[in-house]
1. Among the numbered criteria (1) more than 22 Å from PHE177 (Cα to Cα); (2) modelled with pLDDT of 90 or more; (3) not aliphatic (A, V, I, L, M), which one does GLY215 miss?
2. Considering only residues that are open to solvent by 40 Å² or more (accessible area, probe 1.4 Å) and more than 26 Å from the chain's Cα centre (by Cα), look in segment 198-227 and name the one that is farthest from GLU158 (Cα to Cα).
3. What is the residue count in segment 109-132 for residues that are part of a strand (DSSP E or B), open to solvent by less than 80 Å² (accessible area, probe 1.4 Å) and farther than 19 Å from SER155 by Cβ?
4. How many residues are open to solvent by 60 Å² or more (accessible area, probe 1.4 Å) and among the hydrophobic types (A, V, I, L, M, F, W, C) when one looks only at segment 95-108?
5. Out of (1) in contact with a strand residue (DSSP E or B) (Cβ under 9 Å, 6 or more places away or on another chain); (2) buried (at least 16 other Cβ atoms within 10 Å of the Cβ), what's the single condition that is false for GLY230?
6. Mind counting the residues in segment 187-227 that are within 27 Å of LEU260 (Cβ to Cβ), of a type in the set (Asp, Glu) and not in a strand (DSSP E or B)?
7. Here are some residues: VAL195, VAL174. Which one is modelled with pLDDT under 90 and either surrounded by 14 or more Cβ atoms within 10 Å (Cβ to Cβ) or of a type in the set (S, T, N, Q) (or both)?
8. Exactly one condition in (1) under 19 Å from ILE220 (Cα atoms); (2) assigned to a helix (DSSP H, G or I); (3) within 17 Å of the chain's Cα centre (by Cα) is false for PHE184; which is it?
Amino acid sequence: MDAELAEVRALQAEIAGLRRACENPPAPWEEKSRVQKSFQAIHQFTSEGWKSSKDLKNQLGHLESELSFLSTLTGINIRNYSKHTEDLTSTEMAEKSIRKVLQRHRLSGNCHMVTFQLEFQILEIQNKERLSSAVTDLNIIMEPTECSELSEFVSRAEERKDLFMFFRSLHFFVEWFEYRKRTFKHFKEKYPDAVYLLEGPSSCSMGIRSASRPGFELVIVWRIQTDEDGKVFPKLDLLTKVPQRALELDKNRAIEAAPLSFRTLLGVLGIEAALESLIKSLCAEENN
């Protein structure tokens, strides 16, 4: 029974972490109501306690099912977890019915191909009226990955000691990274003579060149950014590489206006269609 209870507590901790990560999720999930019901059911189980060995096994099975569902939904899997609690209550605090506890947590997991380790501390202070808790230290270790842009928002999460932002942002960051990788790969395979990737398969830049116009190239720089609130979004810019003579002959300054025109095109067509249009416009002569 002790072993079973220990396993249940570990599962509860994992589910709690995922629950916090999924709070107030942005729209693309159509199963939001099911997530909320799952959280309510989990909370009900943990608050009622365990009445028998049979109940324990049934509830453990249910928790495992919900954990599997949440892992599939978010792409976040928690593999290992440990917790150490230290009572910091002094004699003076105890006399005033104040309890002070420091929790040290360690966990490791992954979100798709990105592997992470977290070490964080939570300080809880409880008196007769209320319980307050705060993350007092957060250390995030990301194993080497193709996502070089991760470091910026990881540093921000550590600085702000914001666990919620880390888990919320990580899922969407990885989704955008995979989408960018697939999109660039698609155009490289479709237009092998015109499209090249500056930094390999996981490049954040895609070049487009024209065989009929030597020295004339376009470069798409696709960054994945995270704002102060942890919202993840793509940012695409167009750079031009053209001979000096072409710039001199461009009386209408079409080349100079190309980056702004590209952003307008993105807003109208979307990412994939805008890139397709750009490639076709530069390589029109080769295709004719």
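The values are calculated or read from the model by the stated rules, or taken from the named source; none is laboratory data. Keep in mind that this is a model prediction, so the values were computed, not measured. FYI the Cβ positions are ideal-geometry reconstructions off the backbone, even for glycines, and counts take in every protein chain you see. Ligands, DNA and RNA are stripped out before the accessible areas are found, and what is left, the full protein with its side chains, is counted by its heavy atoms. Shrake-Rupley method; radii C 1.70, N 1.55, O 1.52, S 1.80 Å.
1. Here GLY215 clears every test but (2).
2. My answer is SER212.
3. 7
4. Residues in segment 95-108 being open to solvent by 60 Å² or more (accessible area, probe 1.4 Å) and among the hydrophobic types (A, V, I, L, M, F, W, C): 0 in total.
5. (1)
6. 2
7. VAL174
8. With respect to (1) under 19 Å from ILE220 (Cα atoms); (2) assigned to a helix (DSSP H, G or I); (3) within 17 Å of the chain's Cα centre (by Cα), PHE184 is out only on (3).
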